[in-house]
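The values are calculated or read from the model by the stated rules, or taken from the named source; none is laboratory data. Since this is a predicted model, take the numbers as computed values, not measurements. Please note: Cβ atoms are built from the backbone with ideal geometry, for glycine as well, and neighbour counts cover all protein chains shown. Side chains included, ligands, DNA and RNA excluded: accessible areas come from the protein's heavy atoms. Shrake-Rupley method; radii C 1.70, N 1.55, O 1.52, S 1.80 Å.
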Amino acid sequence: MKKKILILSGGISKERRISLNTGLQVAKELKKNKYKVIISEPDINLSKIIKKFNPDVIFNALHGQFGEDGYIQTILETYKIPYTHSGVIASSIAMDKEVSKKIFIKNKIITPNFFVYSYNETNSNLIKKINKQLKFPVVVKPLNEGSSVNVFICNKKNIFRILNSIKNYKKVMIEEFIGGREIQVAIMGNNKLGAIELKPKRKFYDYQAKYNTKAKTKHIIPVDLPKKKLNQVMNLALKAHTIIGCSGITRSDFKYYKGKFYLLEINTQPGMTKLSLVPEIAAHKNISFIKLIEWILKNASNKK
Ligand SMILES: Nc1ncnc2c1ncn2[C@@H]1O[C@H](COP(=O)(O)OP(=O)(O)O)[C@@H](O)[C@H]1O
Ligand SMILES: [Mg+2]
């Protein structure tokens, strides 16, 4: 009997397009390898589709809000069908940059200094606070977004214009800017899969640098670091994965500056197109795209 896989992709987040891409590519690969596959949106028809198709596993290819933050995972728990990646609580903690950074700090994982800004402070107070706690330039970012959507590097001159342009979020994170190198680590179950370095041609690893091949971000693998340092960053990623309670695959994003690794965030639903970073790290370890997908499917579970 062919295994039946339902792929969830699309959704309503700002990363919808990326998710559709992940869904299509995973579906293509599975169909080539004799799985029975359907793709569905996580919408009102999902229950009906699941009842009719009765999948063996649900592959969650969603990113961002309502796909990566515990909401859809809560619904998936009710179907009693194994689903991929992290469960409800780990997903919601990892998606919330404020909460996850507080957990990193408690566990002695270095993360850039930050505070949360909620649009009710006077401009001069904010400037004073930044000068005292962080110093310019700073990074302004949403608390629960991905793909560098609405992430900005700000100075004294442009910060109010930028804050104003994203005030729909109500609260945003203001973080100390860390220079240096950009290194990301993939964890697979309880194993350190590997690391990759990104060298964007743009000012930072923004949305264009991530998805527009014309932006020409350089991917470097293996990462040129002394073995001890490479181990250190991989151990930090494994520690983050473990303390947040993640399952399956995660990808942790670091900056490396003056000998120190700063963890920016952990992603519980990293991109899974053939050209995404985790598949690239896996390929370097001789794990093909289909083998990676099959591992993720085998690791799917109900978390409760
Ligand atoms: N504190 C920081 N210092 C320097 N660069 C940062 C900082 N925070 C974010 N960035 C840049 O923005 C990118 C996206 O930030 P990240 O926190 O990983 O959010 P996202 O969830 O959107 O990926 C990072 O990969 C990095 O290039
Ligand atoms: Mg990131």
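Peptides 57-65, 269-277, 221-229 ranked from most to least packed give 57-65, 269-277, 221-229, packing being the mean of other C-beta atoms within 10 angstrom over each peptide's residues.
The angle separating the long axis of helix 289-298 from the principal Cα axis of greatest extent in the chain is about 80 degrees. Nearest 10 degrees, 0 to 90: what angle lies between the long axis of helix 227-244 and the longest principal axis of the chain (Cα atoms)? The helix 227-244 is inclined about 70 degrees to the chain. Taking Ser118, Ser247, Ser86 as the candidate residues, the one with maximal mean-square fluctuation in a Gaussian network model of the chain, Cα springs under 10 Å, is Ser118. Think of each Lys and Arg Cβ as +1 and each Asp and Glu Cβ as -1; about the Cα centre, that makes the dipole of the stretch 124-242 roughly 420 debye. Judged by the ratio a/c of the largest to the smallest principal axis of the C-alpha gyration tensor, the stretch 169-216 counts as oblate, that ratio being 1.5 or greater while a/b is no larger than b/c. Taking only protein heavy atoms and a 1.4 Å probe, the accessible area of the chain is 53% carbon and sulfur. Helix 97-106 and the longest principal axis of the Cα set of the chain meet at an angle near 80°.
Taking Cα centre as origin and charging only the Cβ of basic (Lys, Arg, +1) and acidic (Asp, Glu, -1) residues, the dipole magnitude of the stretch 1-83 rounds to 600 debye. Per-residue extension of 0.36 nm, minus the Cα-Cα distance of Lys228 and Tyr79, leaves a gain of 49.2 nm for this segment. Before anything else, pin down the relative contact order of the chain: Cα pairs under 8 Å, at least 6 apart, normalised by residue count, whole percent. In percent, rounded to a whole number, it is 21. With no solvent and one point on each alpha carbon, what is the Debye value of log10 I(q)/I(0) for the chain at q = 0.06, 0.11, 0.15 Å⁻¹? Ignoring solvent entirely, the Cα scatterers give -0.20, -0.66, -1.20. In the full protein context, the chain carries 50 Å² of accessible surface per residue, based on a 1.4 Å probe and ignoring ligands, DNA and RNA.
Restriction of the trypsin sites (Lys or Arg not before Pro) in the stretch 127-165 to DSSP coil positions whose beta-carbon has at most 14 other beta-carbons within 10 angstrom yields Lys135, Lys156, Lys157.
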